[in-house]
1. Out of region 36-61, which residues are within 16 Å of residue 94 (Cβ to Cβ) and under 16 Å from the mean Cα position of the chain (by Cα)?
2. Within the group 248, 200, 213, which residue is more than 23 Å from residue 78 (Cβ to Cβ) and modelled with pLDDT under 95?
3. I'm trying to understand the selection: among the residues of region 229-270, which are charged (D, E, K, R) and either open to solvent by less than 30 Å² (accessible area, probe 1.4 Å) or assigned to a loop (DSSP other than H, G, I, E, B) (or both)?
4. If you take the residues in region 120-131 that are away from the ligand (no atom under 11 Å from the Cβ) and farther than 20 Å from residue 179 by Cα, which one is surrounded by the fewest Cβ atoms within 10 Å (Cβ to Cβ)?
5. Consider residue 50 carefully, then state whether it is open to solvent by 50 Å² or more (accessible area, probe 1.4 Å), within 15 Å of the ligand (Cβ to nearest atom) and modelled with pLDDT of 95 or more.
6. Could you check region 165-197 and list, in sequence order, the residues that are closer than 24 Å to residue 112 by Cβ, away from the ligand (no atom under 15 Å from the Cβ) and not in a strand (DSSP E or B)?
7. Within region 137-155, is there a residue that is among the charged types (D, E, K, R), in contact with a Leu (Cβ under 8 Å, 6 or more places away or on another chain), closer than 22 Å to residue 14 by Cα and open to solvent by 30 Å² or more (accessible area, probe 1.4 Å)?
8. Given the conditions (1) modelled with pLDDT under 95; (2) under 29 Å from residue 146 (Cβ atoms); (3) away from the ligand (no atom under 16 Å from the Cβ), which single one is not true for residue 98?
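The values are calculated or read from the model by the stated rules, or taken from the named source; none is laboratory data. Owing to the predicted nature of the structure, the values given are computational and were not obtained by experimental measurement. All Cβ positions, even for glycine, are placed from backbone atoms using ideal geometry, and neighbour counts span all protein chains on display. The protein model used for the area step is the full one, side chains on, heavy atoms only, and it has no ligands, DNA or RNA in it. Shrake-Rupley method; radii C 1.70, N 1.55, O 1.52, S 1.80 Å.
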Amino acid sequence: MHPHMKIGIFDSGLGGLIVMSNLVATLPHYDYIYLGDTAHVPYGNRTQAEIYNFTEKAVQHLFDAGCQIIIIACNTASAEALRKIQQEYLPAHFPDRRVLGVLIPAAEVAVKQSSTQIIGVLATSSTVESGAFVREILKISPQADIIQQAAPDLVPLIESGNFDEAQQFLADYLAPFTENIDTLILGCTHYPILKRQIQEILGADIHVVSQDECMGEKLHSYLENHPELSEKLSKDSTHLFYVTELTETSVNLAQKLFNNPVPLQKITLE
Ligand code: DGL
């Protein structure tokens, strides 16, 4: 049969568009559907049960829309919901489809780049509290020393387009890292928008791992290793963008984050 399946990308809001632009740049031929749960962003200060519930609905919607594989381009949802989705939801409902997260790819890049294995993680409160980054880094590098810092003010400001105001919080949030680490994971898909300012504060000697630079390559090798999935994917280079709440700010912000016009369509998640 003619391949007709798509790649889904899910984020709590619009920050995942930064990751999507890297996926599209690396793998331009595939067809993509983006879904941002803008009605419920930010996820970062919510409970695990809420985050799981929203994520499962979004995943269901993307599968119903014809996605073969979904990237959860949200660290908070990857930290709080991905394991249960992979271990319980997929086998019960969509055993031949796949859902991948963004934590392990970033952890792998960080461990590879770090000489000291003293690694920093800047993320939302709920990602930090989940301990998921610590767990994944230690699996690859059991000797690693991991310093985490929650940055609860950044996502709400970035989602409302206030990048300058978000920037003012950086010096405080980055203070625990400057003397200690040699590699920092930007553990939230919204933070790459402030990458230049973060690098300036940290100085050139600290590597900054940004998911908008590594996810395209990671998906590329995943698809190469899984021809049974990639052969089902259609290649018409189409992009659909769904959000659960549509405002004028979201239209402008989406365009800025994706570097291209983004025709957002409002949907309701059942
Ligand atoms: N982009 C999400 C992440 O990577 C933002 C989390 C939020 O909605 O607070 O964690």
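1. 55, 56, 58, 59
2. Result of the check over 248, 200, 213: 248.
3. Of everything in region 229-270, those that are charged (D, E, K, R) and either open to solvent by less than 30 Å² (accessible area, probe 1.4 Å) or assigned to a loop (DSSP other than H, G, I, E, B) (or both) turn out to be 231, 232, 235, 236, 245, 270.
4. Only one residue tops the list, namely 131.
5. When the stated conditions are applied, residue 50 passes them.
6. 174, 176, 177, 178, 179, 180, 181, 182, 196
7. no
8. If we test residue 98 against (1) modelled with pLDDT under 95; (2) under 29 Å from residue 146 (Cβ atoms); (3) away from the ligand (no atom under 16 Å from the Cβ), just (1) comes out false.
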